[in-house]
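The structure appears right after this line, and notes come after that.
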Amino acid sequence: MTLAAPHKKAKALKSGSRRPAKELCSECGLCDTYYIHYVKEACAFIHQQVAELEAQAHGRSRDLDSSNELYFGVHQDMMAAKKKQPIEGAQWTGIVSTIACEMLTQGFVEGVVCVQNSQDDRFQPAPILARTCEEILAAKVNKPTLSPNLSVLEEIENSGMKRLLVIGVGCQIQALRAVEKQLGLEKLYILGTPCVDNVSRAGLQKFLETTSKSPETVVHYEFMQDFRVHFKHENGSIEKVPFFGLNTKELKDVFAPSCMSCFDYVNSLADLVVGYMGAPFGWQWIMVRNETGREMLDLVQDQLDTQPVMSSGDRKAAVQQSIPAYDKGVTLPMWAAKMMGLVIEKIGPKGLEYARFSIDSHFTRNYLYLKRNYPEKLEAHVPEYAKRIVNQYELPEK
Ligand SMILES: Cc1cc2nc3c(=O)[nH]c(=O)nc-3n(C[C@H](O)[C@H](O)[C@H](O)COP(=O)(O)OP(=O)(O)OC[C@H]3O[C@@H](n4cnc5c(N)ncnc54)[C@H](O)[C@@H]3O)c2cc1C
């Protein structure tokens, strides 16, 4: 007699129930399935275990004495890339969607976990287990909202699929790695994106209304390497708002508490990561973490233009100055913000140094947030690499 796996007796939480991680829940979807059985070990906000899971996924945890690994995690290769023929309407050039389609059509996997949007709201996430390239392409572009991608995990086990690709952000991938062995798969591929400052659907509305001149026509947006938020509108026009002109006072409570407590910006546990912030403006940034990631990238290599990563400038003074400015909610008048944006774009950090700028700014902010709001969690929740990064800066005492 074979015994049913213990999780199969567990009951998923009903929507609207209070989650085990309480207000720090990032709605990754695990608790919407019977894998909630493992939540105390698996949830990124209850049990931080990045180093252990790095060793499980990549064969070793990151080398804290290597300045690149300290920041970007375990990797064997890094590059800037863009598709020779970009996918219209993708977030960047569509490298993520292209890899996923190739994996499926070439028979490497039987299904792909990704997230489409609901029928009546382009920003409302609707995770799916895609079985066709059309379904994957319908999931292109960021849903800049907390998305329960793991809510489809039960469907995978029930479908009998043995080879799977999951696309997701760091908190989803940490929980997935923690339950990976329970999924009964022969092979799991993980394609991650960096992620920061995510919001609830209501939070997104406030962000759009506070920051864009035409919130209802925004199709997508990105915090760009030129220190401006680029909003793309339905008519194809691009609206640019300098970071330094954002209404920080109004926006302080917009980001989800989970994202204000997150130290896995670069998706440390994915096999392959595709973002943009370590690449020159207009290019995507690819990090191959292990052989599985290499296998995925090889499938699309001939569809990409690539160039080596570069790094220039010095971020440290700008990060140090931004800590008290953010803390006090300082907002510059728009003319001054534009001037500052222009100067910083000319002389400021670029390439990997820009990525470090963004990581430093978010880790210092998040460290302060945890210290003030969840002091009892600080020691165990902040990974060693993040403590070292934060320790480079002077933070307010309280
Ligand atoms: C909320 C968010 C914040 C990000 N912030 C940064 C950043 O600060 N720096 C950086 O370098 N990169 C960031 N990225 C990644 C970057 O914006 C692009 O997603 C990435 O470069 C891939 O672009 P693409 O054109 O190849 O993707 P596409 O081909 O357009 O595919 C996008 C894929 O993302 C998945 N996806 C969309 N929304 C979500 C979501 N909410 N949760 C999980 N998966 C999702 C979809 O399933 C789809 O497969 C962020 C991504 C997200 C979702």
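The values are calculated or read from the model by the stated rules, or taken from the named source; none is laboratory data. These numbers come from a predicted model, not from an experiment. Heads up, the Cβs are rebuilt from the backbone with ideal geometry, glycines too, and the neighbour counts pull from every protein chain shown. To get the accessible areas, we keep the full protein, side chains included, count just its heavy atoms, and leave off ligands, DNA and RNA. Shrake-Rupley method; radii C 1.70, N 1.55, O 1.52, S 1.80 Å.
Take the conditions at pLDDT 95 or above and either in contact with a His (Cβ under 9 Å, 6 or more places away or on another chain) or on the phi > 0 side of the Ramachandran plot (or both) and apply them to ALA380. Does it pass?
yes
Give the residues of region 160-171 that are open to solvent by 10 Å² or more (accessible area, probe 1.4 Å) and within 14 Å of the ligand (Cβ to nearest atom), sorted by residue number.
Matches in region 160-171: ILE167, VAL169, CYS171.
Working only within region 215-232, note down all residues that are open to solvent by 30 Å² or more (accessible area, probe 1.4 Å) and more than 13 Å from the ligand (Cβ to nearest atom).
Once the filter is applied, which keeps residues that are open to solvent by 30 Å² or more (accessible area, probe 1.4 Å) and more than 13 Å from the ligand (Cβ to nearest atom), region 215-232 yields GLU216, THR217, ARG228.
Give the residue that is modelled with the lowest pLDDT, with candidates limited to residues of region 144-159 that are within 13 Å of the ligand (Cβ to nearest atom) and farther than 16 Å from VAL109 by Cβ. Walk me through how you get there before you give the answer.
Kept after step one, since they are within 13 Å of the ligand (Cβ to nearest atom), are these residues of region 144-159: 144-152.
Subset that is farther than 16 Å from VAL109 by Cβ: 144-148, 150-151.
On the way: PRO144: 91, THR145: 94, LEU146: 96, SER147: 97, PRO148: 97, LEU150: 98, SER151: 97.
Ranking the candidates gives PRO144 first.
Applying the selection to region 134-154, what residues are out of contact with any Phe, Trp or Tyr (no Cβ under 7 Å at 6 or more places or on another chain), over 19 Å from VAL196 (Cα atoms) and open to solvent by less than 30 Å² (accessible area, probe 1.4 Å)? Spell out how you get there, then give the answer.
Let us first name the residues in region 134-154 that are out of contact with any Phe, Trp or Tyr (no Cβ under 7 Å at 6 or more places or on another chain), namely 134-142, 146-152.
Filter once more, so that each one left must be over 19 Å from VAL196 (Cα atoms): 134-139, 151-152.
Matches in region 134-154: ILE136, ALA139, VAL152.
Is it the case, given these coordinates, that VAL50 is within 16 Å of the ligand (Cβ to nearest atom) and buried (at least 18 other Cβ atoms within 10 Å of the Cβ)?
When the stated conditions are applied, VAL50 does not pass them.
How about region 180-234: which of its residues are among the basic types (Lys, Arg), touching a strand residue (DSSP E or B) at 6+ places or on another chain (Cβ under 7 Å) and farther than 20 Å from ALA256 by Cα?
Residues satisfying the conditions are LYS187, LYS213, ARG228, LYS232.
Sort out which residues of region 83-113 are open to solvent by less than 20 Å² (accessible area, probe 1.4 Å) and part of a strand (DSSP E or B), and write them in order of number.
If the condition is that a residue be open to solvent by less than 20 Å² (accessible area, probe 1.4 Å) and part of a strand (DSSP E or B), then GLY111, VAL112, VAL113 are the ones that fit.
Could you list, in sequence order, the residues of region 327-350 that are buried (at least 18 other Cβ atoms within 10 Å of the Cβ) and out of contact with any helix residue (DSSP H, G or I) (no Cβ under 9 Å at 6 or more places or on another chain)?
The answer is LYS350, and nothing else.
Could you tell me how many of the residues in region 364-384 are farther than 17 Å from LYS22 by Cα, not in a helix (DSSP H, G or I) and not β-branched (Val, Ile, Thr)?
Matching residues across region 364-384 total 1.
So, in region 93-143, how many residues would count as being touching a Leu at 6+ places or on another chain (Cβ under 9 Å), more than 11 Å from the ligand (Cβ to nearest atom) and β-branched (Val, Ile, Thr)?
Number of matching residues: 2.
When you scan region 217-232, how many residues do you find that are charged (D, E, K, R) and part of a loop (DSSP other than H, G, I, E, B)?
Result for region 217-232: 1.
Could you tell me whether VAL273 is over 19 Å from PHE207 (Cα atoms) and surrounded by 17 or more Cβ atoms within 10 Å (Cβ to Cβ)?
Criteria met by VAL273.
Could you figure out which of (1) away from the ligand (no atom under 16 Å from the Cβ); (2) surrounded by fewer than 21 Cβ atoms within 10 Å (Cβ to Cβ) isn't true of TYR367?
Failed condition: (2).
Any chance region 319-326 includes a residue that's open to solvent by less than 40 Å² (accessible area, probe 1.4 Å) and modelled with pLDDT of 95 or more?
No: zero hits.
Does ALA80 fit the bill of being open to solvent by less than 70 Å² (accessible area, probe 1.4 Å) and outside any helix (DSSP H, G or I)? Break it down into steps so the answer makes sense when it comes.
Values: open to solvent by less than 70 Å² (accessible area, probe 1.4 Å): yes; outside any helix (DSSP H, G or I): yes.
Yes, satisfied.
Test ASP121 against the stated conditions and say whether it is at pLDDT 95 or above, out of contact with any strand residue (DSSP E or B) (no Cβ under 6 Å at 6 or more places or on another chain) and surrounded by fewer than 16 Cβ atoms within 10 Å (Cβ to Cβ).
no
I'd like to check something: does region 57-77 contain any residue that is modelled with pLDDT of 95 or more, near the ligand (Cβ under 9 Å from one of its atoms), out of contact with any helix residue (DSSP H, G or I) (no Cβ under 7 Å at 6 or more places or on another chain) and within 22 Å of CYS171 (Cα to Cα)?
no
Keeping to region 385-398, report how many residues are assigned to a helix (DSSP H, G or I) and open to solvent by 30 Å² or more (accessible area, probe 1.4 Å).
Adding up the residues that qualify gives 2.
Can you find, within region 200-210, the residue that is nearest to the ligand (Cβ to nearest atom) among those that are touching a Leu at 6+ places or on another chain (Cβ under 7 Å) and of a type in the set (S, T, N, Q)?
Filtering first and then ranking leaves SER200.
Please list, ordered by first then second residue, the pairs with beta carbon atoms under 9 Å, 6 or more apart or interchain, first in region 182-199 and away from the ligand (no atom under 12 Å from the Cβ), second of a type in the set (S, T, N, Q).
If the second residue must be of a type in the set (S, T, N, Q), the pairs left are LYS187/THR292; LEU188/THR292; TYR189/THR292.
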